[in-house]
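The values are calculated or read from the model by the stated rules, or taken from the named source; none is laboratory data. If you're wondering where the values come from, they're calculated on a predicted model, not measured in any experiment. All Cβ positions, glycine included, derive from the backbone under ideal geometry; neighbour counts span all protein chains shown. To get the accessible areas, we keep the full protein, side chains included, count just its heavy atoms, and leave off ligands, DNA and RNA. Shrake-Rupley method; radii C 1.70, N 1.55, O 1.52, S 1.80 Å.
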Amino acid sequence: MSKQVIINADDFGLSPGVNLGIIQAYQAGGITSTSMMVNMPGFDHALSLAQSLPDLGIGLHFNLTYGRPVTDPAIVPSLVKPDGSFHQGQIGLMRDIADIAKELDAQWNVLVQASLSPTHLDSHQLLHQNDPIIFQIMAEKAVRENTPLRKSQVQHSSLDIPVPWMTDMILLDTYGDHKGLQRLLQHLTKLPDGITEIVCHPGYVDEPLREISNWLDIREHELAVFVDQEVPRTIQVLGIVPINYKALKDIPNEYCELPPVQMTSPLKPVEKRRPRHLRQRLSKRQRMAKVHRLSKKRRTLRRPSSTRKRV
């Protein structure tokens with residue numbers, strides 16, 4: 001099995017400086033994919049940059065912690081403070097399932113209405129990794145939209161539902177210190193067979209970013225790593241295939257299902273029989289298998305992921 005890598009820069013749309021850094025890393029061959037924040041000051045700027053880069057994979061970076069919701073705050077009250085802005089942080093929050101689903105749909109639709117077809121779905125500050133409720137809502141959305149979801153390092157228990165396409169591995173690390181480039185190259189050298197996503201946060205610090213985030217200088221340090229020509233050179237020398245999330249749709253895959261979970265809020269029961277739209281999706285994969293050259297199925301064996309997280 002070949003080794004393939006998705007190098008995804010999070011936070012596209014956060015600010016113009018972050019946008020410019022991400023595009024620079026993409027043009028240098030250091031990243032292959034990015035994910036967009038649709039409610040941030042740099043969104044329109046990011047859209048204008050994306051128009052000239054049709055091969056850049058752009059997913060939705062679902063956000064519940066920065067800024068204000070796309071939805072009217074009055075109809076998603078559990079997500080916001082009295083001033084209508086998102087609650088910052090995640091500890092002790094009781095977000096309503098319906099409110100999360102409304103905001104996710106609204107953020108997704110912003111991209112679609114901007115004539116962007118999201119290549120995948122992931123979340124800001126590891127929301128779907130840290131919260132099993134958000135994971136489930138995002139997984140269900142990804143299945144409905146026939147779109148990959150970023151793999152979680154945490155094995156959530158969940159309802160007995162099909163899960164969307166995911167990579168075989170994910171590497172969550174930071175590259176902001178003097179050994180950042182060396183660490184990235186080591187990750188590439190030890191890359192397992194299959195598809196691995198490497199997550200990063202390159203960008204330039206500007207005033208809009210300072211007003212929103214405390215994740216500042218590290219972005220410029222990471223940018224220096226991901227524009228370094230040693231990154232694409234190493235990928236080429238090692239025979240790694242750089243891809244974005246569009247490629248996951250070209251790989252025939254068997255459905256897998258998640259075991260049941262104890263949920264804190266009631267959800268509608270899931271029928272044992274696979275819903276119609278999922279049967280249609282499965283038949284589509286069967287048709288794709290006949291026309292695509294790739295005939296191997298993705299590995300069912302999942303290897304342990306890196307446990308390093310950003311702070």
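For the reader, a short list of remarks on this structure follows.
- Residues in region 29-49 that are open to solvent by less than 20 Å² (accessible area, probe 1.4 Å), small (Gly, Ala, Ser) and out of contact with any strand residue (DSSP E or B) (no Cβ under 6 Å at 6 or more places or on another chain): Gly30, Gly42.
- On the stretch given as region 172-215, residues that are within 21 Å of His45 (Cα to Cα), open to solvent by less than 40 Å² (accessible area, probe 1.4 Å) and at pLDDT below 95 total 2.
- Taken as a whole, region 56-65 holds at least one residue that is assigned to a strand (DSSP E or B), open to solvent by less than 20 Å² (accessible area, probe 1.4 Å), of a type in the set (Phe, Trp, Tyr) and modelled with pLDDT of 95 or more.
- The number of residues in region 7-28 that are surrounded by 24 or more Cβ atoms within 10 Å (Cβ to Cβ) and either outside any strand (DSSP E or B) or small (Gly, Ala, Ser) (or both) comes to 10.
- Pairs, first under 22 Å from Gln51 (Cα atoms) in region 106-130, second acidic (Asp, Glu), C-beta under 6 Å, six or more apart: none
- Unmet requirement for Arg150, which otherwise passes all of (1) basic (Lys, Arg); (2) touching a His at 6+ places or on another chain (Cβ under 9 Å); (3) open to solvent by 10 Å² or more (accessible area, probe 1.4 Å): (3)
- Conditions (1) assigned to a loop (DSSP other than H, G, I, E, B); (2) open to solvent by 20 Å² or more (accessible area, probe 1.4 Å); (3) at pLDDT 95 or above; number of the one not met by Ala74: (1)
- Which listed residue is out of contact with any Phe, Trp or Tyr (no Cβ under 9 Å at 6 or more places or on another chain) and of a type in the set (Ser, Thr, Tyr), from Ser152, Ser117, Ser123: Ser117
- Count of region 78-131 residues which are assigned to a helix (DSSP H, G or I), of a type outside the set (D, E, K, R) and open to solvent by 40 Å² or more (accessible area, probe 1.4 Å): 6
- Single residue of region 218-236 satisfying the filter (among the β-branched types (Val, Ile, Thr), part of a helix (DSSP H, G or I) and touching a residue at least 60 places away in the same chain (Cβ under 8 Å)) that is surrounded by the most Cβ atoms within 10 Å (Cβ to Cβ): Val225
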